Amino acid sequence: MTPTTTPTRRTRGRVAAALTGLALAVGTPAATAGAHPGHGGERPLGAQLAEVRATTAKYHDVDAATADGYLPSSPCVPNMGYHYQRGTAATAADLDPTAPEILVYAPRKNGSLKLVAVEYATWDASASLFGQAFDAPHPHGGPPFHTLHAWVWQGNPAGVLSPLNPNVSCD
């Protein structure tokens, strides 16, 4: 028989501290984020974003994205990248955190594309995910719908849910 170990109070404290650090690193209080039932509920933001990463990992391959219906929808947008879109949610209830409407890619020096973010898009002005309200439509030629970026594949000093990422360049 293999001996089993029971987590000590000290080990549990370290795990809790690590999870708190993860939640703070992604820009939200450690408690919870997201108030929509079915949209993360009361789970920590870090856990919700880990699920988004897991379900979008296959889209590091742009061909997999296009095969699943994501089509180029923008030139390279400074501090964002190229957008590949497969739809716009009609209402907030139609949003699924694990099935974003848009994938965002940054150009690499060799000309290939790197998946850096996912983006949610809806016509519903009241939409929110991960405890964050969506950004209003862009007034000067941007998309006419409400959006929320989640920089799950590229660090963003402005915050994981910020619309712009100074670490992404079109150059």
Please give the number of the condition Pro139 fails out of (1) in contact with a Pro (Cβ under 9 Å, 6 or more places away or on another chain); (2) free of Cβ contacts under 8 Å to residues at least 12 places away in the same chain; (3) open to solvent by 60 Å² or more (accessible area, probe 1.4 Å).
(1)
Could you check, for region 79-90, whether at least one of its residues is of a type in the set (A, V, I, L, M, F, W, C) and under 20 Å from Leu164 (Cα atoms)?
yes
In region 79-130, residue farthest from Asp171 (Cα to Cα) [restricted to those that are surrounded by fewer than 18 Cβ atoms within 10 Å (Cβ to Cβ) and touching a residue at least 60 places away in the same chain (Cβ under 8 Å)]:
Asn79
Answer residue from region 142-165, given it is over 24 Å from Thr66 (Cβ atoms) and among the aliphatic types (A, V, I, L, M) and is most open to solvent (accessible area, probe 1.4 Å) among those:
Leu164
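The values are calculated or read from the model by the stated rules, or taken from the named source; none is laboratory data. Because the structure is a prediction, the values reported are computed rather than measured. All Cβ positions, glycine included, derive from the backbone under ideal geometry; neighbour counts span all protein chains shown. SASA here: full protein model, heavy atoms, side chains in, ligands and nucleic acids out. Shrake-Rupley method; radii C 1.70, N 1.55, O 1.52, S 1.80 Å.
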